[in-house]
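Undergrad: Starting off with a structure, shown below.
The values are calculated or read from the model by the stated rules, or taken from the named source; none is laboratory data. Predicted, not measured: the structure shown is a model, and the values here were computed from it. No Cβ is skipped: glycine too gets one built from the backbone with ideal geometry, and neighbour counts run over all protein chains shown. Heads up: the accessible areas ignore ligands, DNA and RNA and are worked out on the full protein's heavy atoms, side chains in. Shrake-Rupley method; radii C 1.70, N 1.55, O 1.52, S 1.80 Å.
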Amino acid sequence: MKLLFLGDVMGRGGRRAVGEMLPRLRRDWSLDFVVVNGENATGGMGLSGEHAKGLFEAGADCVTLGDHAFDQKDMLRVIEDEPRVIRPINFAKGAPGRGARVFSDARGRKVLVAQVLGQVFMKRAFDDPFSALDATLRQHVLGGAVQAAIVDIHCEATSEKMGVGHFCDGRASLVVGTHTHVPTADAQILPGGTAYLSDAGMCGDYNSVIGMEKDEPLRRFVTGMPKARFQPAMDEVTLSGVYVETDDRTGRATRIEMVRQGGRLAQAGP
């Protein structure tokens, strides 16, 4: 199976780039399943139902969220009606929607997508991601109940992301980090066959401060005082993520490649 995961879509520029580039990538790379993290797609804060629809129209099979899952209030309703939107398993016990779901690709192969929030350096205390993932992966065994399994670990600390990667090794096809908006250079296949990348980066303008126009973040760093709202940067956008190929029999990864398409960063892909 050929899988593509795209990191945090940042504002209107990120949405536009996904809309323009993903259909071509899906065709040229013969992709079987595409997951997009969309939690910053609406003004940099959350995801609206309208913008979720646009990501699906561009070619996403599943959209994951994150700690900003419900910043756009209509998502409280949309996520109940749209099964292709996944919020973190450990967001809150009473949160609407689901944190894991099994999908089918065009050939009927089963793909599990799960998302968890980390605990280290996060602004609020979320439930333990390891026990939440363990229960999900025990229920959907790789190479048995599902032919592929993708885990989105949405958190600050690379150490925690690496811990989740090793915890899931052999039980997931791909463990990929999101949230920090900067792509890491550690794409690898772990000893048990799980493809791993600490952070997929963002689909956004890298001439920025993690996707936001530079002036206000710089002002706050220098003076310690806010003056205006953060605004997503709107110039050239790089689509960042990871490409993985898997063995249908075992669900384990056979290839992993970093993805950077368009924009300012050095280009990469399969």
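Undergrad: Hey, which of the strands (runs of 3 or more DSSP E) in the stretch 1-75, taking only ones fully inside, have at least 1 residues that are of a type outside the set (Lys, Arg), out of contact with any helix residue (DSSP H, G or I) (no Cβ under 9 Å at 6 or more places or on another chain) and farther than 24 Å from residue 91 by Cα? First the steps, then the outcome.
TA: Numbers: elements: 2-6, 33-37, 62-64.
Of the strands (runs of 3 or more DSSP E) lying wholly inside the stretch 1-75, those with at least 1 residues that are of a type outside the set (Lys, Arg), out of contact with any helix residue (DSSP H, G or I) (no Cβ under 9 Å at 6 or more places or on another chain) and farther than 24 Å from residue 91 by Cα span 2-6, 33-37.
Undergrad: Right, next: State which residue is surrounded by the fewest Cβ atoms within 10 Å (Cβ to Cβ) when the search covers only the stretch 244-270 and only residues that are part of a strand (DSSP E or B) and of a type in the set (A, V, I, L, M).
TA: Here is the first cut: in the stretch 244-270, the ones part of a strand (DSSP E or B) are 244-246, 253-261, 268.
Restricting the remaining residues to those that are of a type in the set (A, V, I, L, M) gives 244, 253, 256, 258-259, 268.
Details: 244: 28, 253: 25, 256: 23, 258: 21, 259: 26, 268: 17.
Of everything passing the filter in the stretch 244-270, 268 is surrounded by the fewest Cβ atoms within 10 Å (Cβ to Cβ).
Undergrad: I need every pair where a residue in the stretch 4-29 that is closer than 22 Å to residue 244 by Cβ has its Cβ under 6 Å from the Cβ of a residue that is polar (S, T, N, Q), sequence separation at least 6 or different chains.
TA: 7/37; 7/178; 7/240; 8/37; 8/40; 8/178; 21/261
Undergrad: If you take the residues in the stretch 199-221 that are hydrophobic (A, V, I, L, M, F, W, C) and not in a loop (DSSP other than H, G, I, E, B), which one is surrounded by the most Cβ atoms within 10 Å (Cβ to Cβ)?
TA: So in the stretch 199-221, the residues hydrophobic (A, V, I, L, M, F, W, C) come out as 200, 202-203, 209-210, 212, 218, 221.
Retained after the next criterion (residues that are not in a loop (DSSP other than H, G, I, E, B)): 202-203, 209, 212, 218, 221.
Values: 202: 30, 203: 35, 209: 17, 212: 21, 218: 11, 221: 9.
Going through the qualifying residues, I end up with 203.
Undergrad: On to the next question. Mind counting the residues in the stretch 36-74 that are closer than 14 Å to residue 204 by Cα, open to solvent by 10 Å² or more (accessible area, probe 1.4 Å) and of a type in the set (Gly, Ala, Ser)?
TA: Within the stretch 36-74, the first condition is being closer than 14 Å to residue 204 by Cα, and the residues that meet it are 36-45.
Checking the rest, the ones that are also open to solvent by 10 Å² or more (accessible area, probe 1.4 Å) come to 42-43, 45.
Add one more test, that the residue is of a type in the set (Gly, Ala, Ser), and what stays is 43.
Summing the residues that are closer than 14 Å to residue 204 by Cα, open to solvent by 10 Å² or more (accessible area, probe 1.4 Å) and of a type in the set (Gly, Ala, Ser) in the stretch 36-74 gives 1.
Undergrad: Of the conditions (1) touching a Leu at 6+ places or on another chain (Cβ under 8 Å); (2) at positive phi, residue 165 satisfies every one except a single condition; which number is it?
TA: (2)
Undergrad: Checking the condition open to solvent by less than 40 Å² (accessible area, probe 1.4 Å) and not polar (S, T, N, Q), which residue from 224, 241 passes?
TA: Values: 224 fails: open to solvent by less than 40 Å² (accessible area, probe 1.4 Å).
Answer to the selection: 241.
Undergrad: Which condition from (1) of a type in the set (Gly, Ala, Ser); (2) farther than 22 Å from residue 242 by Cβ; (3) part of a strand (DSSP E or B) is the one that residue 149 breaks?
TA: Among (1) of a type in the set (Gly, Ala, Ser); (2) farther than 22 Å from residue 242 by Cβ; (3) part of a strand (DSSP E or B), residue 149 violates only (2).
Undergrad: Output the residue which, of all residues in the stretch 76-122 that are outside any loop (DSSP other than H, G, I, E, B) and free of Cβ contacts under 8 Å to residues at least 12 places away in the same chain, is least open to solvent (accessible area, probe 1.4 Å).
TA: The initial filter retains those residues of the stretch 76-122 that are outside any loop (DSSP other than H, G, I, E, B), namely 76-81, 85-86, 100-104, 110-117.
Of the ones still in play, those that are also free of Cβ contacts under 8 Å to residues at least 12 places away in the same chain are 81, 104.
On the way: 81: 111, 104: 62 Å².
Applying the filter and picking the extreme gives 104.
Undergrad: Another one. Anything in the stretch 193-232 that is in contact (Cβ under 8 Å) with a residue 24 or more places away in the chain, in contact with a helix residue (DSSP H, G or I) (Cβ under 7 Å, 6 or more places away or on another chain), more than 28 Å from residue 173 (Cβ to Cβ) and of a type in the set (A, V, I, L, M, F, W, C)? List them, or say none.
TA: Residue satisfying the conditions is 230 alone.
Undergrad: Also, quick follow-up: Being within 20 Å of the chain's Cα centre (by Cα) and in a loop (DSSP other than H, G, I, E, B): is that true of residue 239 here? Even if it seems obvious, please write down each step before you answer.
TA: On the way: within 20 Å of the chain's Cα centre (by Cα): yes; in a loop (DSSP other than H, G, I, E, B): no.
Taking the combined requirement at face value, the residue does not satisfy it.
Undergrad: Working only within the stretch 140-150, note down all residues that are of a type outside the set (A, V, I, L, M) and modelled with pLDDT under 95. Walk me through how you get there before you give the answer.
TA: From the stretch 140-150, those of a type outside the set (A, V, I, L, M) are 140, 143-144, 147; that's our starting set.
Passing the criteria: 143, 144.
Undergrad: Testing residue 231 on (1) open to solvent by less than 50 Å² (accessible area, probe 1.4 Å); (2) touching a strand residue (DSSP E or B) at 6+ places or on another chain (Cβ under 9 Å), one condition comes back false. Which one is that?
TA: Failed condition: (1).
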